[in-house]
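Remarks on the structure that follows.
Just so you know, all these numbers are worked out from the coordinates, no wet-lab data involved. All of these numbers come straight from a predicted model, not from anything done at the bench. Please note: Cβ atoms are built from the backbone with ideal geometry, for glycine as well, and neighbour counts cover all protein chains shown.
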Amino acid sequence: MLTLTCPVCGVDACETELAAGGEAHLKRFGPGSTDDQFEEYLFLRPNAKGVHFERWRHAMGCGKWFLAARDTATLEVFGTYSAQTTAPPADIVNAIRAKRPDWSPET
Amino acid sequence: MSELASALPGAEYEGIVRVTEAGLRGMVTLKADLPDAANGVKAVTGQAVPEPRRINAGDVSVAWMAPDELLILCDHARADQVVRDLAEQLGTAHHLAVNVSDARAMFTLTGDTVKDVLGKLTPADLAALPLGEMRRTRLAQVAAAIWFSDAQTAHVICFRSVARYVFDLLALAARPGGDVGYH
Ligand SMILES: [Zn+2]
């Protein structure tokens, strides 16, 4: 079972109280983009085995979206943070590096 | 005028805890910028805006549901007036106040093992849930809000459309012989 702390309301929520929203920090390509860019935005995901950033919604709770950093292989959670961010904040990056020294934000 | 009725009038079950439908209850949902709305909420309900997840209880109770949402609990007959008073107090401030009394059902559980009974139905860590704290969660398949007013009394709010489902769940979890002795 995956437990994520909702950073909006502070509840330690079970994954069954949450709705998964896919990969976080996607760059949106819309009108004016190339077909390749639009395809990548809509469909292509790295599907990382390891450190991963995700969108979650506290559906059976406060109803708000938030972001989570976790390891998809071990289910270890590095932290949760505001959905109003375009990149993982420094404290999340530091928490990941403390556990995964080889990891860098670019990968 | 139609005769008002709650979802399951008079429904009750006596097992290892007692489950009763709470009857007609007034509920008003307020969506607003809560710091901005605090004075208006105080004027209408007599209650301060609660800290996150907390309930300020009284004749009229106010529960924190989300950073931009409160649930005001009052007499069923007073709910429309609460909506009107909020509209007057909050004026042009962007907000939404709706009488949701008849869209909801409410149950009360009493007994020594209320936490064990609810614990069969929700993933929430009830051992860590303080008295007077609103926990929005799920009971089996449906959304619910639960809180404990004392160690032997729990309250459950769900959508009226799933009232029978929730009552049956609670009754099943409270069947004699079903005590798990955890909490
Ligand atoms: Zn939340």
### Query
Filter region B:11-29 for residues that are over 14 Å from the mean Cα position of the chain (by Cα) and part of a strand (DSSP E or B); which is farthest from B:Gln81 (Cα to Cα)?
B:Glu14
### Residue check for A:Ala13: part of a strand (DSSP E or B), within 14 Å of chain B (Cβ to nearest Cβ) and within 17 Å of the chain's Cα centre (by Cα)
yes
## Note on the structure
Of the residues in region A:77-86 that are outside any loop (DSSP other than H, G, I, E, B) and among the polar types (S, T, N, Q), the one that is nearest to the ligand (Cβ to nearest atom) is A:Thr80
### Query
Within region A:16-36, how many residues turn out to be assigned to a loop (DSSP other than H, G, I, E, B) and within 14 Å of chain B (Cβ to nearest Cβ)?
1
### Query
How many residues does region A:58-76 contain that are outside any strand (DSSP E or B) and surrounded by fewer than 21 Cβ atoms within 10 Å (Cβ to Cβ)?
8
### Top-ranked residue of region A:6-19 - restricted to ones that are surrounded by fewer than 16 Cβ atoms within 10 Å (Cβ to Cβ) and under 13 Å from A:Lys64 (Cβ atoms), ranked as farthest from the ligand (Cβ to nearest atom)
A:Ala19
### Task
Any chance you could count how many residues in region B:17-51 are more than 16 Å from the ligand (Cβ to nearest atom) and within 14 Å of chain A (Cβ to nearest Cβ)?
1
### Task
Within region A:86-98, count every residue that is loosely packed, with under 13 Cβ neighbours inside 10 Å and in contact (Cβ under 8 Å) with a residue 12 or more places away in the chain.
3
### Task
Collect the residues in region A:87-107 that are over 11 Å from the mean Cα position of the chain (by Cα) and assigned to a loop (DSSP other than H, G, I, E, B), keeping them in residue-number order.
A:Pro89, A:Arg100, A:Pro101, A:Asp102, A:Trp103, A:Ser104, A:Pro105, A:Glu106, A:Thr107
### Task
For A:Thr34, indicate whether it is polar (S, T, N, Q), free of Cβ contacts under 8 Å to residues at least 60 places away in the same chain and either loosely packed, with under 13 Cβ neighbours inside 10 Å or within 16 Å of the ligand (Cβ to nearest atom) (or both).
yes
